[in-house]
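Asks: Take a look at the following structure, please.
The numbers here are math on the coordinates, done by the rules we state, and not lab data. Predicted model, so just to flag it, every value in this text is computed and none were measured. When we count neighbours, we look across all protein chains shown, and the Cβ atoms used for this are built from the backbone with ideal geometry, even at glycine.
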Amino acid sequence: MLSSMEQALLGGRYQVVQRLGSGGFSRTFLVSDIHLPNHPRCVIKQLKVQDKDTGTLDMARRLFDTEARVLYQLGNHPQIPALMAHFEEDQEFYLAQEYIEGSRLNRQVEEGKPWSETRVVLLLQEVLEILSFVHRQQVIHRDIKPSNLIRRHRDGKLVLIDFGAVKQVTSSPLLDAETGATNITVAIGTHGYMPNEQYAGKPRFSSDVYAVGILGIRALTGLHPQKIEEDPVTSELAWRQHAPKVSSSLVAVLDKMVRSDFRDRYPTAQEALESLQNLPNPLYGLVGSQIYQTWMKGAYGRGPTFPGDRDDTAVGPTETSEPTAFADDDDSTSLFPVDLAFGNSSEPDVVPLLASAPMDKLKLSRRARSPVAGGLLGALGLSLIIWRSGMTVAFAPSSGGAATPFQTAGTPPLVVDLGLLLPPEEKSAYQVGQGDLLWAKGRYPDALETYNKAVETQPDYAPAYLGRCKTLISLKRPLEAIVSCDDALAYSTYYPEAVRRKGNAEEQQGNLLAALALYEETNRQRPAMFEAWLDRGRALQKLGRSAEAIAAIDRAIARNRESAEAWTVRGEATWALNRYDQAIVALEKALQINPDYGPAKDLRQRARQSLGE
């Protein structure tokens, strides 16, 4: 039952739907924003202040402001929740964040269920890629653990949450420039994932690296880190006996990540990531990462389950969480990597996988054992082997009772499209993924046909309509695009990308005021979306509102400084306001990013002619 506080509107606009969690310092709520159309949902984190004396309130306010500032800064990353608003009300402090629909990683990293080596490497790569961005912003997270990582349903990607324990290195007046140590005197984190220096209240960037290494060891061994003992001689974690088949190369990387002395670890996430990417395995790398993310998401991005898996997850007793973005933990079964497309081996979509197993070990899901799937595979003379590791899938001619692993070169072309074997709810996601690949290659008619098939498969699947919308824009068919974007919004009440694309279609028709209103709505729904700020600035400049255009473009550039288009629009707007020096600087920056960017080259030439250069 909701309390009187929860029944009231928080900040005058947020209606509490349900309480999500409660910890020692905060409470989190799922809320509806009643000030926006369709009342989109977001997550409110309330900082709990027990003692309301002046000193305590001032300290709480500083902590609150620090977290808000860091979240505004980090929310530009697509795998970190965006901060929508922050406010103080009745001496209580609130953060409103993007709602992440997905499953926390502790649903997958389970006690007694070790992962395969390949699966662990790809997980570590994905976490370290996010963490590298965090470290580049001079921020230490300090609480990396499975419950602070959400596998987002929409696209299958991991999202790093809960930045309540962060430390901004640059904000410390006693920063050690050589080691990155800060002057913190309070230990913040989670037992088992905290290295010695963090217990002492002096975290480094390598403290986060340690936590990621522990995450990998936990997945490899199936043991909670508090159950892994230290070597009595070296004081290092004695984990290898629990995963004896792990390759020596991965052991070396993990051992360096979790050294007890921070000086012996990788100094930042980027160095650890580079070591993982250099491991001698053909599945480790960008291709493997794409397969892994695809395999993990299944239907609507939900992680797969396996025969015999429990619905609950064993979590260590001290591993608690104060989520800042959270949703349901329901998982659905999916044993197919739904973004794979097999055909001409010259296409980059074709991904060879390495695996082999005796046929008597073959295990297929109930779906794969259907008469249609069995008949199709039998007719093609293929052996399909899928087993517990999650990354071991092989296709090879069936001739002697065992599967022959594919090699990384010379993969024989296959005529079967695995999407044909998927149930409808997963087939639509597969088709949208294929449409996205075609759209990215500029094959717009083929992409449109694929998105249309996804709509036929599942008529209420919003991403399929969004795909149609953006493709019709690319084909210069804006009226039809608007209809498709409206369909996407009809099936998904919170879909900032669909709002933005509808604005693109209106702009393409010359309806600049309508487009501007949609871009502004996208900014309200998703403040961290760079593209929407760029669109807004471009529309404002077309309307002759150059000062407002500069303000919007500056918001875009703050989120992505490597956009030639953004700098070009800024150059055009500043030139219109007779700020010639600023215009030249902006155009030179655009051409530095992309020397062949036509609009910048043309505008720079006209500027030179006007200035008599």
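Asks: If you take the C-alpha gyration tensor of the stretch 109-150, multiply each eigenvalue by 5 and take the square root, what semi-axes do you get, largest first, in whole Å? Working shown, then result.
Replies: Values: eigenvalues 107, 34, 7 Å².
Here the semi-axes work out to 23, 13, 6 Å.
Asks: In nm, what is the difference between 0.36 nm times the number of residues separating Glu230 and Glu274 and their Cα-Cα distance? Please list the in-between numbers first.
Replies: Numbers: separation 44, 0.36 × 44 = 15.84 nm, distance 2.71 nm.
Gain on stretching Glu230 to Glu274: 13.1 nm.
Asks: Determine, for Leu74, Leu20, Leu475, the number of other Cβ atoms within 10 Å of each Cβ, and report the residues in order from fewest to most. It would help to have the intermediate numbers written out before the result.
Replies: Values: Leu74 22, Leu20 19, Leu475 14.
Ascending Cβ contact count within 10 Å gives the list Leu475, Leu20, Leu74.
Asks: If you take the square roots of the eigenvalues of the alpha-carbon gyration tensor of the stretch 479-546 and sort them as a ≥ b ≥ c, do you get rounded (a/c under 1.5), prolate (a/b over b/c) or oblate?
Replies: Details: a/c = 2.70, a/b = 1.32, b/c = 2.05.
It comes out oblate by the Cα gyration axes.
Asks: Which net charge results when you count Lys and Arg as +1 and Asp and Glu as -1 among the other residues whose beta-carbon is under 14 Å from that of Ser132? All intermediate terms of the calculation are to be shown ahead of the outcome.
Replies: Numbers: positive: Arg136; negative: Glu126, Glu129, Asp208, Glu271, Glu274.
Local charge sum for Ser132: -4.
Asks: Additional query: List, in the order given, every pair from Lys476/Lys502; Lys441/Lys470; Lys441/Lys542; Lys113/Lys157 whose Cα-Cα distance in the structure shown is over 18 Å.
Replies: Cα-Cα > 18 Å for Lys441/Lys542; Lys113/Lys157; rest within.
Asks: Need the C-alpha centroid separation for the stretch 200-216 versus the stretch 512-547, integer Å.
Replies: 40
Asks: Nearest 0.05, what FRET efficiency do Arg61 and Val17 give at R0 = 30 Å with Cβ-Cβ as r? Could you put the intermediate results ahead of the total?
Replies: On the way: r = 27 Å, r/R0 = 0.91.
The calculated FRET efficiency here is 0.65.
Asks: Give me the distance between the Cα centres of the stretch 11-40 and the stretch 432-462, rounded to whole Å.
Replies: 35
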